[in-house]
Structures are given as C-alpha cells and as structure tokens.
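Below is one structure, written out as structure tokens, with a few remarks after it.
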Amino acid sequence: MQSTLLKSRVQQARREADQAEANAENLRLQAEEQDRLVQQARQRAQNFEKQAQTAPSATPAASKQITTQVKSEPTYENTLAGVFQLGKPILEVDLSNTQKNIVNGSLFTLAAQTWASQASPSLALQKNYSQQAQTTPEKTTGRLLNTSA
C-alpha cells in the first residue's frame, strides 16, 4: 500500500513538473511575441520620425512655434511632450493595453535618452559664467561659482 502511495505521488509530481515546463514554454513564447511587438513599435516610431523630418509641414507656423518653444525652454517636460507627440499616431492605432504600455515605456525611454543627449543646464551655466569672466577680466566672480551644486 505504501508503495502504491509513493508511486502515485511520483506520478503527480511528474505531472506537475510537466505542467510547469509547459507553462514556462508558454511564457517564453509570450515574451518572444512581446519582444517582436516592441521591435515593430520602435520601427513604426522610427518611420514616423523619418516621415516627420522629410514631409513638408501643413502648418509651418505651428511647427515653428513648437520648435521655438522647445529651443527657448529646454525642459524635460517639453522633450517628453515632443516624443509623445511623435508617438501619438502609434498610440491611436488599435492596440491592446499591454502593447500600449510597451509603446509608452519605449517613448519614455526615448525621451530620457533625448534629454540625456542634450547639453546639461549646469554646463550651460558654466559656459555662460566662463564667457562673462573672459570678457571682463577684472571681474572674476564668474569663475568662482560652483555650478555642480
């Protein structure tokens, strides 16, 4: 009787292991599918970016206004708004919530990369004060400012 009980437990453990392995394979396939969707979304974003750069604007005054706002006020918020404006056509497509989350995550990553690639505000301040000190040699306060704080 004990032997039969042990055999049934072994069989049950094997079934559970097989089921866990099947679940793991299913999750791997889902992850691969999501990776493929991410790549497609990034490709679409790049295509839209290329189209936006090459296509003539229907409203040149509006695009100039947006460009001057971004250039005059380089903030993370403006960078983020620009990236999401670029990704807006992708988000308007009929996507599942998971796909939209992936696209949103990609847009946030792109915004962070874009923001990081821009000149640091402290470097801009340092340049500004260095130029002031160079143009007026008798005033050295521009060189004493600690811009890392």
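The values are calculated or read from the model by the stated rules, or taken from the named source; none is laboratory data. Not measured: the values here are computed from a predicted model. Here the Cβ is made from the backbone with ideal geometry for all residues, glycine too, and neighbour counts use every protein chain on show.
When Arg14, Arg42 are checked against the criterion of being more than 38 Å from the chain's Cα centre (by Cα), among the charged types (D, E, K, R), surrounded by 10 or more Cβ atoms within 10 Å (Cβ to Cβ) and on the phi < 0 side of the Ramachandran plot, Arg14 stands alone in meeting it. Does Asn26 satisfy the criteria of being more than 14 Å from the chain's Cα centre (by Cα) and either at pLDDT below 90 or not polar (S, T, N, Q) (or both)? Against the criterion (more than 14 Å from the chain's Cα centre (by Cα) and either at pLDDT below 90 or not polar (S, T, N, Q) (or both)), Asn26 does not qualify.
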